[in-house]
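Enquirer: Dropping a structure here in structure tokens format, bear with me for questions.
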Amino acid sequence: MNPEKIARKLVELRENKTIKEVADANGISVSALSMYEAAKRIPRDEIKVRLADYYGVYVSSLFFE
């Protein structure tokens, strides 16, 4: 699991949405999402599933490829 690669994917998937919009929709804090997008933290498994569902992608393609 490469934090920088995950961060890049998360930022790309967010497109024109705000960090607050995505964080609110996934029940996480803005600071947590910011840390994921800055490669400073990796989300817990539950959050990985929420983010993948939100973006309509597989967990494996978002976090493990």
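The values are calculated or read from the model by the stated rules, or taken from the named source; none is laboratory data. Every value quoted in this text rests on a predicted model; they were computed, and no experiment measured them. Backbone-built Cβ (ideal geometry, glycine too); neighbour counts: all protein chains shown. The accessibility values were calculated without ligands, DNA or RNA, using every heavy atom of the protein model including side chains. Shrake-Rupley method; radii C 1.70, N 1.55, O 1.52, S 1.80 Å.
Enquirer: Scan region 23-36 and report the pairs whose first residue is under 13 Å from residue 9 (Cα atoms) and whose second residue is outside any helix (DSSP H, G or I), with Cβ atoms within less than 8 Å and a gap of 6+ or a chain change.
Expert: Correct list of pairs: 36/42; 36/43.
Enquirer: Here is a follow-up. Give region 23-44 a look and list any residue that's within 18 Å of residue 5 (Cβ to Cβ) and in a helix (DSSP H, G or I), or say none.
Expert: Answer for region 23-44, where residues must be within 18 Å of residue 5 (Cβ to Cβ) and in a helix (DSSP H, G or I): 33, 34, 35, 36, 37.
Enquirer: May I ask you to list pairs of residues, at least six apart or on different chains, whose Cβ atoms are under 7 Å apart, with the first in region 1-22 being part of a loop (DSSP other than H, G, I, E, B) and the second being surrounded by 13 or more Cβ atoms within 10 Å (Cβ to Cβ)?
Expert: Cβ pairs passing all conditions: 1/42; 1/63.
Enquirer: Let me ask another. Going through region 28-42 one residue at a time, which ones are open to solvent by 60 Å² or more (accessible area, probe 1.4 Å) and either touching a helix residue (DSSP H, G or I) at 6+ places or on another chain (Cβ under 7 Å) or polar (S, T, N, Q) (or both)?
Expert: 30, 31, 41, 42
Enquirer: Also, quick follow-up: How many residues, within region 51-65, are under 14 Å from residue 14 (Cβ atoms) and open to solvent by 50 Å² or more (accessible area, probe 1.4 Å)?
Expert: Residues meeting the conditions: 2.
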